[in-house]
Amino acid sequence: MIEVKVPATSANMGPGFDCLGIAVNMYNKFAVEEIENGLIFQGGDEKYNNEENLVYVAMKKCFDKIGYKPKGLKICIENDIPISRGLGSSAACVVGGIVCANELAGGILTRQELLELAVEMEGHPDNITPALFGGMTVSIYENNKVYSSSVNVKKGIKFCALIPDFTLSTEKARAVLPKNIEFSQGIFNIGRTALMIAALNNGDFHLIKQACKDKLHEDYRAELIDSFYAVKEECEKLNCLGVYLSGAGPTIMVMLEEENHDFCREIKKFLKSLQSKWEIRELQIDCEGTVVRHVS
Ligand code: HSE
């Protein structure tokens with residue numbers, strides 16, 4: 001049996017639309033084995049346990065690429081990453097499925113091939129790359145190739161995910177984005193993306209607040225997220241390093257100094273006053289990425 005653990009990821013990180021992403025310590029776990037025939041699911045959400053299951057579709061894609069034909073499959077799924085919340089749950093399922101299939105077939109594909117296969121399915125690389133490699137990554141996708149590099153984040157920061165009880169599909173959140181942007185908006189985001197990378201790499205955490213700003217997606221998506229600006233403003237008042245919409249949302253991600261022990265307690269009080277229910281998860285950076293274990 002093959003066991004695979006894949007971390008949640010927070011994409012965009014403010015200005016880095018479709019290129020920045022970071023893995024955090026919340027996980028989906030998959031265990032797969034080849035059986036005599038048929039397709040059996042265990043765990044996961046019943047309504048996704050069919051041939052359209054993302055983990056299964058990703059496994060099939062990988063088997064097809066390798067040319068491997070399993071007799072039957074048993075797929076066990078343990079989801080801790082909430083679905084359609086901007087924390088990379090679909091990336092985790094795609095990466096999990098592809099890595100499981102590759103291992104079952106004998107570990108034929110390289111890490112780069114696994115990355116490109118997963119990004120081809122997902123459409124953009126910013127969740128897939130950190131889900132596979134861990135840590136913070138910069139990645140771009142061009143002509144079916146992924147170009148990526150890791151960012152060494154200085155010790156001293158942690159994250160707090162504010163996760164509402166409503167979902168937002170990436171498809172819907174991308175549909176509200178403009179087709180064109182102003183030149184000045186491009187400049188705004190390029191500078192801040194570069195500043196975010198440098199600030200995290202050098203430990204210049206006081207710059208994160210400026211670096212976090214975005215003009216490419218957050219304002220368009222805000223209308224889809226109940227109390228988005230109110231939550232953001234409150235976080236800023238509570239002495240956070242930075243706050244941004246995680247991926248396509250609706251989760252709002254807060255960056256904090258490691259020794260900030262008051263934020264979670266204070267923001268909890270505020271979130272209780274809102275109409276929707278919000279869960280708070282304090283998170284650390286995951287540096288391992290996808291982990292594989294062969295169990296006999
Ligand atoms: N960069 C993507 C977006 C992440 O913001 O649409 C969503 O998975």
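Things to note:
- Rel. contact order, % - alpha carbon contacts under 8 angstrom, at least six apart, segment 192-242: 36 percent
- Potential lengthening between residue 69 and residue 45 on full extension [0.36 nm per residue; Cα-Cα distance subtracted]: 6.0 nm
- Against the chain, whose longest principal axis is taken from its Cα atoms, helix 228-237 shows a tilt of about 60°.
- From the C-alpha gyration tensor of segment 237-282, square roots of 5λ in Å: 17, 15, 8
- For segment 218-296, alpha-carbon Rg relative to the globular expectation (2.2 N^0.38 Å, N residues): 1.33
- From the alpha carbon centroid of segment 121-152 to that of segment 12-36 is 11 Å.
- A Gaussian network model of the chain, with springs between Cα atoms under 10 Å, assigns the largest mean-square fluctuation among 80, 18, 126 to 80.
- For segment 157-283: span of alpha carbons on each principal axis (Å, largest first): 41, 36, 20
- Beta bridges per DSSP, both residues in the chain: antiparallel share near 90 percent.
- More than 24 angstrom apart: percent of Cα pairs within the chain: 50 percent
- Amide H contacts under 5 Å for residue 136, placed H, 5+ residues apart: 23, 151, 153
- Helix 183-202 axis, angle to the chain major axis (alpha carbon atoms, nearest 10°): 80 degrees
- Candidates 14, 134, 186, ranked by Gaussian network fluctuation over the chain, Cα under 10 Å, top entry: 186
- Taken as Cα centroids, segment 270-287 and segment 218-248 sit 12 Å apart, rounded to the nearest whole angstrom.
- Over the chain, dividing the summed -39,500 (n - 2.57) contributions of all DSSP H runs of at least 4 residues by the number of residues returns a 222 nm mean residue ellipticity of -10000 deg cm²/dmol.
- Largest to smallest principal axis extent of the C-alpha atoms in segment 7-105, angstrom: 48, 28, 21
- Heavy-atom accessible surface of segment 157-283, averaged per residue, reaches 51 Å², computed with a 1.4 Å probe.
- Qualifying lysines (Cα of each under 19 Å from Cα of residue 172; at least 8 residues distant if same chain): 215
- When the P(r) of segment 1-52 is calculated, the portion above 15 Å amounts to 65% of the C-alpha pairs.
- Expressed as a whole percent, the accessible surface of the chain that belongs to carbon and sulfur atoms is 48, based on a 1.4 Å probe.
The values are calculated or read from the model by the stated rules, or taken from the named source; none is laboratory data. These numbers come from a predicted model, not from an experiment. What goes into the accessible areas is simple: the full protein's heavy atoms, side chains included, and nothing from ligands, DNA or RNA. Shrake-Rupley method; radii C 1.70, N 1.55, O 1.52, S 1.80 Å.
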